[in-house]
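J.: Can you keep this structure in mind? I'll have questions shortly.
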Amino acid sequence: MSGPVSAHETSAPRPQVSVVIPTTGTRCLERTVSSALGQQGVEVEVVVVMNAAGDLPRVSDDPRVRVVRSDPALAGNGARSHGIRESSHDLVALLDDDDYWRPDKLARQHRYVLDQRLPSDAWVVSCAVVEHAADGATKVVPTEDPGEVDDVAEYLAGRPRLRSIGQQFQSSTLLFPRRLGLEHPFDPAVRVHQDWGWVVECQQAGAAILCLYEPLSHRSTGAADALTRSITWGSSLEWADRYLTASSLRARGDFALTIAADRAVAARSLAGWLACGWVAVRHGRPGWTAWVFYLFLITRLVRSSPLTGPASRPAAGPAARSAARPASTADPTGDDR
């Protein structure tokens, strides 16, 4: 893994990056802004986008920091797109308000992109993430170097190993040309797996999707934030109906048995767990590794008490609609207690 920014990198023209930080005023915001201002080898401006009612947060007297407001009804994706429109530099980096970066994060990613000699300026580059658990333990994800990802939907949805490799394109890792963000804005109607959906859309539009396998971003996994808690098994299946329709049957089945079913178990919903299995069989062809994980989830489910009905009732696409069948066979009211 590389260390600080090299002399060669600092002697080149310094790239200019707008750092967009959507926020609802979290107490971690000052640390997040400081990590953006402390980036080495680049010139930054920081656009803090307040996505809640109330007074604008005062986070820094540094003239490179601006605080703007977005419509709270448009949620996180609306705030990201508003910040991109408000930015002034050619490159944009996203940073969630409770995450922070290694000081050479942006410079290392920019150098990595230049070294690839890409044929166009349509690209998105991610990096590895250091996850910090509540008990102080840390781990780096993903656990394998994805390099340039030929099919990001397959990469994110699939379960290639028995033990998860922690596939991710988390928003705080992303650096990309501002033009790409303007041409393909974040859809405010998407409320779950927002970063994944946007990266999939960018690749479908012809952008190269890259990952620099260095742990340059940090995030806490000790407590689920409001957005994570809002991701239900039903909303995950609806997301798959939109973004995985062109993916392989293996990827669609794996997603239902792992990502969506995990949310059902988090909600202690036996109906949701059954529904995810139904969708996996009806609309996919999951691999054995996903089945093992799915069956493991039931052990977590039976240990949690009491069991409930579905945390959300899917309604949109064909996979989500068919998920209602196992829920209704378990109990006509949707409540399995």
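J.: About the Cα centre, and with charges only on the beta carbon of Lys, Arg (+1) and Asp, Glu (-1), how big is the dipole of region 13-220? Nearest 20 debye, please. Intermediate values should be presented prior to the final figure.
T.: Values: 22 positive and 29 negative charges, 47 e Å.
About 220 debye.
J.: Let me ask something else. What residues from region 94-134 fall in the zone where the backbone N is under 20 Å from a label point 7 Å along the Cα-to-C-beta line of THR143?
T.: Answer for this model: 127-134.
J.: What order do you get for PHE176, PHE255 when you list them from fewest to most C-beta neighbours inside 10 Å?
T.: Starting with the residue having the fewest Cβ neighbours, the order is PHE176, PHE255.
J.: How much net charge surrounds GLN39 when only the other residues with a Cβ under 12 Å from the Cβ of GLN39 are counted, with Lys and Arg +1 and Asp and Glu -1? Could you put the intermediate results ahead of the total?
T.: On the way: positive: ARG14, ARG64, ARG102, LYS105, ARG108; negative: GLU43, GLU45, ASP104.
Combined, the nearby Lys, Arg, Asp and Glu give +2.
J.: In addition: Could you check the simple spin-label distance between SER248 and ILE165, using points 7 Å along Cα→Cβ, in nm with one decimal?
T.: Taking the simple label geometry, SER248 and ILE165 are separated by 1.2 nm.
J.: I would also like to ask the following. Suppose each label sits 7 Å from its Cα in the direction of the beta carbon; what would the VAL130-ASP90 distance come out to in nanometres?
T.: 3.1 nm
J.: While we're on this one: What is the sum of charges around ASP195, taking Lys and Arg as +1, Asp and Glu as -1, for the other residues whose C-beta is under 10 Å from the C-beta of ASP195?
T.: Working: positive: ARG80; negative: ASP96.
Every neighbour counted, the sum reads 0.
J.: Another question, then. Under a Cβ-Cβ cut-off of 13 Å, what is the net charge of the residues other than ILE259 that fall near it, where Lys and Arg count +1 and Asp and Glu count -1?
T.: Working: positive: ARG159, ARG252, ARG263; negative: GLU238, ASP254, ASP262.
After counting each charged neighbour, the total is 0.
J.: At what distance in nm do the modelled label points of ALA205 and GLU30 sit from each other, each positioned 7 Å from its Cα along Cα→Cβ?
T.: It is 3.7 nm.
Each value in this text was obtained by applying a stated rule to the coordinates, not by laboratory testing. Note that the structure is a prediction, hence the values are computed from the model and not measured. Note that we place each Cβ from the backbone using ideal geometry, even for glycine, and neighbour counts take in every protein chain shown.
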